[in-house]
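Novice: Below you'll find the structure I mean.
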Amino acid sequence: YNSHGVRIRVRRGWAASTRSVYPLVVVVSSAAAAATSLVSATHTILPHRRHAHIVPKAMGTVAAGKSDGDGSAHDRPTAVRVRGSAAQPLSPTLTTREGVVMPRMLYGTAWKADRTQDLVAAALRAGFRGIDTACQPKHYKESGVGDAIAAVAEAANTSPPITREDLFLQTKYTPIRSQDPTDVPFDPASSIPDQVAQSFAVSLANLRTTYVDSLVLHSPFENHEDTMLAWRAMEALYDSGGARQLGISNQYDLADFSRMFAEARVKPAVLQNRFYATSGYDVDLRRFCTENSVVYQSFWTLTANRDVLFDEARGGGVKSGSADEARRLAMRGAVAAAAAANGKTPAQVWFRWLQQGLGAVPLSGTSSPVHMAEDIEVFMHGGSFALTVGEMEAIQAAVLGGKAQ
């Protein structure tokens with residue numbers, strides 16, 4: 001047993017909650033008490049509805065505060081005016097290849113540590129209905145997500161009340177090489193399939209749920225065979241109803257991703273990558289996603305592009321007068337022009353372009369209540385705006401250099 005008291009396998013079973021009795025994936029070990037403590041009867045455990053098409057309900061805005069972009073310690077400007085002409089609001093959700101309803105923006109929970117519960121609760125109150133987390137104590141406090149959901153769901157002043165079916169919960173299995181060796185949420189000596197099962201059981205306990213809407217492989221393994229071992233274990237969790245869809249993150253090699261996609265029995269419904277210039281903004285990977293009905297999720301969406309969006313000093317040895325500097329200035333100008341025309345912030349325009357122009361689902365990890373409201377307003381509220389064809393083409397030409405989206 002590790003520090004989490006976990007040495008487990010997974011099977012179908014039943015567990016009682018304070019409300020009713022629901023089918024779920026249960027933890028089985030030689031120490032029944034340790035297993036029972038993982039999914040406590042004191043937790044709010046909600047029923048599994050694998051393909052329930054529930055449109056998440058947005059809620060009101062929140063008070064002002066500072067921001068950290070999508071997870072960085074970065075302040076960004078707020079909008080100062082609203083465009084006079086009405087714009088067509090964007091649908092707040094999309095439906096994946098597995099029939100799962102996914103919000104067009106997710107709240108990211110990395111690097112929030114002990115602030116996780118309060119920040120996730122604030123995000124839920126702001127209107128976020130999609131939460132991204134991971135069973136990786138090194139960078140995520142997954143239990144804080146579960147605590148926040150329970151606290152908001154039980155709050156007497158929450159109107160309308162939030163139910164499990166209103167939420168899109170996405171978590172990840174993180175391979176051992178990316179875990180803190182002193183705090184691994186599974187037995188590191190066990191096989192890869194057992195590690196996946198153990199990690200998933202911890203996630204269910206942390207999130208106080210019987211299923212997740214999306215289970216993501218946090219990164220591919222160093223060799224294809226081990227990646228597919230993990231994927232087969234995730235497919236078993238999909239088969240059991242524990243995960244409604246599967247995905248992968250940090251996969252930047254098109255050949256590797258297409259090979260995995262071809263061999264997978266349950267095809268990836270999600271590819272979540274850092275969206276930045278170093279990877280060429282994943283043009284080829286995103287094209288593959290579009291052609292194969294895979295949702296492209298972007299993380300580090302603001303942080304990796306803040307020198308473009310927020311007029312910050314450049315880093316990384318970019319030379320004055322270089323082609324790279326010219327591209328960044330063109331990006332900044334295109335985004336700034338669209339922001340001024342629409343009375344929005346550069347961050348709102350960037351998020352909107354990602355969704356409207358590229359069909360991507362960005363993550364926002366801001367800690368600012370103001371920016372939570374601004375980010376979700378792009379998609380969720382009546383004040384949502386649409387970029388013109390000219391604005392989208394100008395941003396695309398600057399960012400992608402005239403390449404296809």
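Novice: Apply the Karplus curve 6.51 cos²θ - 1.76 cosθ + 1.60, θ = phi - 60°, to the phi angles in the range 363-370 and return the couplings in whole Hz, x for Gly and Pro.
Specialist: 9, 10, x, 4, 9, 8, x, 4
Novice: Sticking with this structure for a sec: When the Debye formula is applied to the Cα atoms of the range 82-241, each taken as the same point scatterer, what base-10 log of I(q)/I(0) results at q = 0.08, 0.10, 0.17, 0.18 Å⁻¹?
Specialist: Debye curve over Cα of the range 82-241, log10 I(q)/I(0) at q = 0.08, 0.10, 0.17, 0.18 Å⁻¹: -0.26, -0.40, -1.03, -1.12.
Novice: Using only Cα atoms, what is the ratio of the radius of gyration of the range 102-150 to 2.2 N^0.38 Å?
Specialist: Rounded to two decimals, the normalised Rg is 1.02.
Novice: Moving to a separate point now. Can you give me the long-range amide H partners of residue 302? Hydrogens built in the peptide plane at 1.01 Å from N, cutoff under 5 Å, separation of 5 or more residues or another chain.
Specialist: Placed amide hydrogens put 70 under 5 Å from residue 302.
Novice: Pull up all non-local amide H partners of residue 361: gap of 5 or more, or a different chain, and H-to-H distance under 5 Å with H placed in the peptide plane.
Specialist: Here the answer is 296, 297, 298, since their amide H atoms fall under 5 Å of that of residue 361.
Novice: If you don't mind, there's one more thing I want to ask. Give me the aspartates and glutamates in straight-line cross-link reach of residue 112: C-alpha distance below 13 Å, same-chain residues under 8 apart excluded.
Specialist: The reachable aspartates and glutamates, counting only those whose Cα sits under 13 Å from residue 112, are 68, 70, 132, 142.
Novice: Which net charge results for the neighbourhood of residue 259, defined as the other residues with beta-carbon distances under 13 angstrom from its beta-carbon, given Lys and Arg at +1 and Asp and Glu at -1?
Specialist: -3
Novice: A further question follows. Rounded to a whole number of µm²/s, how large is the Stokes-Einstein D of the range 190-231 at 10 °C and 1.306 mPa s, given Rh as the Kirkwood radius over C-alpha pairs?
Specialist: Here the translational diffusion coefficient equals 142 µm²/s.
Novice: For the range 157-296, just say rounded, prolate or oblate: build the C-alpha gyration tensor, square-root its eigenvalues into a ≥ b ≥ c, call rounded for a/c under 1.5, and beyond that prolate if a/b exceeds b/c, oblate if not.
Specialist: Oblate is the answer for the range 157-296, as a/c is 1.5 or above yet b/c matches or exceeds a/b.
Novice: Suppose every Lys and Arg Cβ carries +1 and every Asp and Glu Cβ carries -1, with no other charges. What dipole size does the range 215-373 come out with about its Cα centre, to the nearest 20 debye?
Specialist: Charge dipole, the range 215-373, about its Cα centre: 600 debye, nearest 20.
Novice: Further, regarding this structure: Give the Cα extents of the range 209-254 along the principal axes, in whole Å, largest first.
Specialist: 32, 17, 15
Novice: Counting only other residues whose beta carbon sits under 10 Å from that of residue 271, what net charge do I get with K and R as +1, D and E as -1?
Specialist: 0
Novice: Using a Debye calculation, one point per C-alpha and no hydration shell, please list log10 I(q)/I(0) for the range 259-314 at q = 0.13, 0.24, 0.27, 0.28 Å⁻¹ in order.
Specialist: Once normalised to I(0) and log-transformed, intensities are -0.41, -0.95, -1.08, -1.12.
Novice: Between residue 243 and residues 5 or more places away or on another chain, which pairs have amide H atoms under 5 Å apart, with H built 1.01 Å from N, and which residues are they?
Specialist: 212, 238
Novice: Now, a different point. For the range 201-282, restrict the atom set to alpha-carbon positions and state the Rg and Dmax in Å.
Specialist: So, for the range 201-282, Rg and Dmax equal 13.4, 39 Å respectively.
Novice: Send over a whole-number figure in Å² for the accessible area per residue of the range 196-331, probe 1.4 Å. Let's see the in-between values first.
Specialist: Values: 4810 Å² over 136 residues.
That works out to 35 Å² for each residue.
Novice: Moving on. Roughly to the nearest percent, how much of the accessible area of the range 93-150 is carbon and sulfur, given a 1.4 Å probe?
Specialist: 45 percent
Novice: Just to confirm a number: summing +1 for Lys and Arg and -1 for Asp and Glu over residues other than residue 248 whose beta-carbon lies under 15 angstrom from that of residue 248, what do you get?
Specialist: Charge balance near residue 248 sits at -1.
Novice: Sort 215, 358 by accessible area with a 1.4 Å probe, largest first.
Specialist: Most to least solvent-accessible, the answer reads 358, 215.
The values are calculated or read from the model by the stated rules, or taken from the named source; none is laboratory data. Source: prediction; values computed, not measured. Ideal geometry is used to build each Cβ from the backbone, glycine not excepted, and the neighbour counts take in all protein chains shown. Heads up: the accessible areas ignore ligands, DNA and RNA and are worked out on the full protein's heavy atoms, side chains in. Shrake-Rupley method; radii C 1.70, N 1.55, O 1.52, S 1.80 Å.
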